[in-house]
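No value in this document is a laboratory result; all are computed from the given coordinates. All values derive from a computational prediction rather than experimental measurement. No Cβ is skipped: glycine too gets one built from the backbone with ideal geometry, and neighbour counts run over all protein chains shown.
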Amino acid sequence: MRIGELAQATGTKAETIRYYEREGILPYADRTDSNYRDYSEDHLATLTFVRRARELGFSMAQVRELLALSDRDDKPCQDVDRLARSQIDVVQRKIDDLTAMRDE
């Protein structure tokens, strides 16, 4: 699929996709004979994961770490759990702060 199709399928701007490629978050797409980027289902899955992780409040550094962990064969669940628990703690603090603000 072309970049516009990937952008539409994931709700991501084309420039953001190019940025993720430059930053190594998303692997570079192969090029067609006409020099268009040709994205695969793997690109779609990775970008969908990145978007969801960002929506959940994970930083780009954490997203990089999660992606790196997913590429490892031994699948260190405890490392993924650690990142997820850390993010849950951050979200819980925000909930507590917002609840306190509302109650005031």
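What is the distance in Å between the Cα centroid of segment 1-29 and that of segment 87-104?
Result: 33 Å between the Cα centres.
Might you report the magnitude of the Cβ-based charge dipole of the chain about its Cα centre, with Lys and Arg at +1 and Asp and Glu at -1, to the nearest 20 debye?
Values: 17 positive and 21 negative charges, 46 e Å.
I would put it at about 220 debye.
Indicate the gyration tensor shape class of the chain (rounded, prolate or oblate), computed on the Cα atoms with a ≥ b ≥ c the square roots of the eigenvalues: a/c under 1.5 is rounded; otherwise a/b larger than b/c is prolate and the rest oblate.
Working: a/c = 3.50, a/b = 1.74, b/c = 2.01.
In terms of gyration-tensor shape, oblate.
From Cα pairs below 8 angstrom and at least 6 apart in sequence, can you work out the relative contact order of the chain, rounded to a whole percent?
Numbers: 61 pairs, mean separation 20.0, N = 104.
The value is 19 percent.
Kindly state, to the nearest 0.05, the FRET efficiency for ASP79 paired with GLU55, given R0 = 22 Å and r defined as their beta-carbon distance. Don't skip to the end; give the middle numbers.
Working: r = 21 Å, r/R0 = 0.97.
Computed FRET efficiency for ASP79 and GLU55: 0.55.
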